[in-house]
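I have placed the structure first, in the form of structure tokens, so that the comments after it can refer back to it.
The values are calculated or read from the model by the stated rules, or taken from the named source; none is laboratory data. As the structure is a computational prediction, the values presented were derived from the model and not from experiment. All Cβ positions, even for glycine, are placed from backbone atoms using ideal geometry, and neighbour counts span all protein chains on display. Accessible surface areas use protein heavy atoms only, side chains included; no ligands, DNA or RNA. Shrake-Rupley method; radii C 1.70, N 1.55, O 1.52, S 1.80 Å.
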Amino acid sequence: ALQVPSVIPLVPAAPAIVPPTNEDASVTLGVKFSSSVSGFVKGVRFFSPDNIGGTYTGQLWSAGGTLLASGTFTGVTTNAWQELVFTTPVLIAANTTYIASYHTTGTTYVGTAGGFAGAFTNGSLTAPDNASAGGNGVYAYGGTPVFPTNSVGGNYWADVIFASNIYTFNLTGIQ
């Protein structure tokens, strides 16, 4: 029986209720992450505020700022995880840093100050803490998505949808 790897997010649960943060400009918000195994980033997600507005797009970046995939979120609802599945999954290398982000033209997002005092790990995925990542919870202002490089250590509840490319099977006989 072939066992297909499961699709996992970095953050499996919803954040505790967090008041939305208001800004006066469009912004790209993201998270640095890596996987201990190679696999496919199938998309990105973010936790939406209770006051949505504008358009939302998602991005996957290399640590050096190369845009690897992007798309537009549709049907965004309040206070829930929003998921964007890329047209083509992106193969990522093990133990390599990437950035999952979303851009909003609205002026509200969910944020938790000091959200990366410690690392987050779920399965093979890890979002490093601020100290080891040179700042996590990254952002950049702009009317269109831009590579987010600024950090004050906040968690903006950006996330990744990942599946390893390791398949296992049980051999039941040879003929």
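Of all the residues in region 31-51, those that are over 18 Å from Phe120 (Cβ atoms) and surrounded by fewer than 18 Cβ atoms within 10 Å (Cβ to Cβ) number 3.
Selection over region 52-78 of residues that are surrounded by 15 or more Cβ atoms within 10 Å (Cβ to Cβ), without any contact (Cβ under 8 Å) to a residue 60 or more places away in the chain and either farther than 21 Å from Ala25 by Cα or in contact with a Pro (Cβ under 8 Å, 6 or more places away or on another chain) (or both) gives a count of 3.
Of the residues making up region 141-154, at least one is out of contact with any Cys (no Cβ under 6 Å at 6 or more places or on another chain), within 22 Å of Pro12 (Cα to Cα) and surrounded by 20 or more Cβ atoms within 10 Å (Cβ to Cβ).
Could you check region 128-165 and list, in sequence order, the residues that are part of a loop (DSSP other than H, G, I, E, B) and among the small types (Gly, Ala, Ser)? Answer for region 128-165, where residues must be part of a loop (DSSP other than H, G, I, E, B) and among the small types (Gly, Ala, Ser): Gly134, Gly135, Gly137, Gly142, Gly143, Gly153, Gly154.
I'd like the residue in region 166-175 that is farther than 26 Å from Phe86 by Cα and part of a loop (DSSP other than H, G, I, E, B) and, out of all such residues, is modelled with the lowest pLDDT. Here the answer is Leu171.
Asn95 meets each of the listed conditions (1) surrounded by 13 or more Cβ atoms within 10 Å (Cβ to Cβ); (2) over 14 Å from Leu29 (Cβ atoms) apart from (1). Applying the condition of being in contact with a Phe, Trp or Tyr (Cβ under 8 Å, 6 or more places away or on another chain) and in a strand (DSSP E or B) to region 118-127 and asking which residue is most open to solvent (accessible area, probe 1.4 Å) yields Thr126.
Residue check: Ser132 meets all listed conditions (1) in contact with a Pro (Cβ under 6 Å, 6 or more places away or on another chain); (2) among the polar types (S, T, N, Q); (3) open to solvent by 20 Å² or more (accessible area, probe 1.4 Å) but one, namely (1). Residues that are modelled with pLDDT of 95 or more, small (Gly, Ala, Ser) and not in a strand (DSSP E or B) within region 53-105 comprise Ala63, Gly64, Gly65, Ala93, Ala94, listed in sequence order. Checking Val152 against (1) in contact (Cβ under 8 Å) with a residue 60 or more places away in the chain; (2) of a type in the set (Val, Ile, Thr); (3) closer than 26 Å to Ala25 by Cα, only one condition comes out false. Which one? Of the numbered conditions (1) in contact (Cβ under 8 Å) with a residue 60 or more places away in the chain; (2) of a type in the set (Val, Ile, Thr); (3) closer than 26 Å to Ala25 by Cα, the odd one out for Val152 is (1).
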